Amino acid sequence: MSPTGITELEIAELRSQDDATRCVLLAQHMAKRAGFDAVGQNRFATAVSELVQNVLRYAERGRATLRLLQRADTLGLEAIVEDRGPGIADVAIAMQERTSTGGGLGLGLPGTRRMMDDFELVSTPGAGTRVIIRLWRRR
Amino acid sequence: MNVSDLSGRVSLQQLQGVIVAALPSALTPELLLQLRRDVLAAAPGAELRGVLLDVSAVEVMDAQDFRSLCDTASMCRVMGRRVIVCGLTPGVVSCLVDLNVNVYAVHTALDVDSALVQLSTVRS
């Protein structure tokens, strides 16, 4: 257990809409317990929501790993959302506004990047996609 | 963590000729679609002045959730009913702006009271 009393690591398998919703609630809960303000909690949970919905929409199943990060001066949260779905053929295009190959808005990834301090995306067509996001608590 | 109400249904209440739907803290695409069906089914009712979608309890709203609400509002407008989304919290609004969704796609109000005032002063 961490100094804040929250579990440091949560792994959520994503197979259904209920799994996705639980994962988002978990993200929000962790952000709250880590001392993020309402806007910070919202940012982290909404970013996780965008990513896990992409997993269900395009890969059908995947996994989210939520982790508490500690730095000397502050706390942060990390989410690793990964799947073995079709992957993204052109990441540069996916990161532009308003492109989508599916039923979504095509806004999720650039918007998610804007909300986070760190955003890393690795995708291999035919092998899957992994997105890592981090948000640090403001001091 | 209580997740027992995840697949629940939003109950609709009528207040001064206005349908009020109070959305729960956690949204799912299914819940929003069921809400749309229920609101559209109730929309033709006589003496109806409008529909309020109260999202003050909603903690997380992603772009897809917001678009779904906007689509429901558009469908009601096509039927001649005004829809106001009220109670958007600062955290939700901040994320919607970051997500670059069209936040002006739907009429909004600070809370249920101001939404009722809007409906009583502006005819659909």
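Compute for chain B: radius of gyration divided by Kirkwood radius, i.e. Rg/Rh, restricted to C-alpha atoms, rounded to two decimals. Over the Cα atoms of chain B, Rg/Rh equals 0.94.
With springs only between Cα atoms under 10 Å apart, run a GNM on chain A and tell me which of A:Asp118, A:Asp18, A:Asp83 wobbles the most. Evaluated over chain A, the most mobile residue of the options is A:Asp18. Counting, for every residue in B:106-119, the Cβ atoms of other protein chains within 10 Å of its Cβ and taking the mean gives 0. Residue by residue, the stretch A:128-137 carries 3J(HN,Hα) couplings of x, 9, 10, 10, 10, 10, 9, 9, 9, 6 Hz when phi is fed to the Karplus relation 6.51 cos²θ - 1.76 cosθ + 1.60 (θ = phi - 60°); x denotes Gly or Pro. Each label point was placed 7 Å from the Cα along the Cα-to-Cβ direction; for B:Arg9 and B:Asn102 their separation is 3.2 nm.
For chain A, the share of DSSP beta bridges that are antiparallel, to the nearest 5, is 100%.
I'd like the distance separating the alpha-carbon centroids of the stretch B:80-124 and the stretch A:17-57, in whole Å. Here the two parts' Cα centres lie 23 Å apart.
Please give the helix B:29-42 orientation as an angle from the longest Cα principal axis of chain B, in degrees from 0 to 90, rounded to the nearest 10. Result, in degrees: 10. Its relative contact order, with pairs defined as Cα atoms under 8 Å and 6+ residues apart, puts chain A at 24 percent.
Taking A:Val81, A:Val55, A:Val91 as the candidate residues, the one with maximal mean-square fluctuation in a Gaussian network model of chain A, Cα springs under 10 Å, is A:Val91.
Mean partner shielding of peptide B:86-98, defined as the number of other chain Cβ atoms within 10 Å of each residue Cβ, is 5.
For helix B:112-121, what angle does its Cα long axis make with the longest principal axis of chain B, in degrees from 0 to 90 and rounded to 10? Tilt relative to chain B: about 30 degrees. Peptide B:70-77 has a mean of 0 when you count, residue by residue, the C-beta atoms of other protein chains within 10 Å of its C-beta.
So if R0 is 41 Å, what FRET efficiency would B:Asp111 and A:Leu69 give, r being the distance between their Cβ atoms, rounded to the nearest 0.05? Intermediate results must be reported in sequence, preceding the final value.
Values: r = 36 Å, r/R0 = 0.89.
Computed FRET efficiency for B:Asp111 and A:Leu69: 0.65.
Select from the stretch A:7-116 those GluC sites (Glu not before Pro) which occupy a DSSP coil region and have at most 15 other Cβ atoms within 10 Å, ordered by residue number. It would help to have the intermediate numbers written out before the result.
Values: sites: A:Glu8, A:Glu10, A:Glu13, A:Glu50, A:Glu60, A:Glu78, A:Glu82, A:Glu97; in loops: A:Glu8, A:Glu60, A:Glu97.
Counting only loop positions with at most 15 other Cβ atoms within 10 Å, the GluC sites (Glu not before Pro) in the stretch A:7-116 are A:Glu8, A:Glu60, A:Glu97.
Amide H contacts of B:Arg9 (H built 1.01 Å from N, in plane; Pro and chain starts excluded): no residue 5 or more places away or on another chain comes under 5 Å.
Percent of Cα-Cα pairs more than 32 Å apart in the protein assembly as shown, please. It would help to have the intermediate numbers written out before the result.
Working: 8733 of 34453 pairs.
Cα-Cα pairs in the protein assembly as shown separated by more than 32 Å: 25 percent.
Bear in mind these aren't lab numbers, they're just calculated from the coordinates by the rules spelled out. For clarity, every value in this text was computed on a predicted model and none was experimentally measured. Cβ: placed from backbone, ideal geometry, glycine included. Neighbour counts: every protein chain shown.
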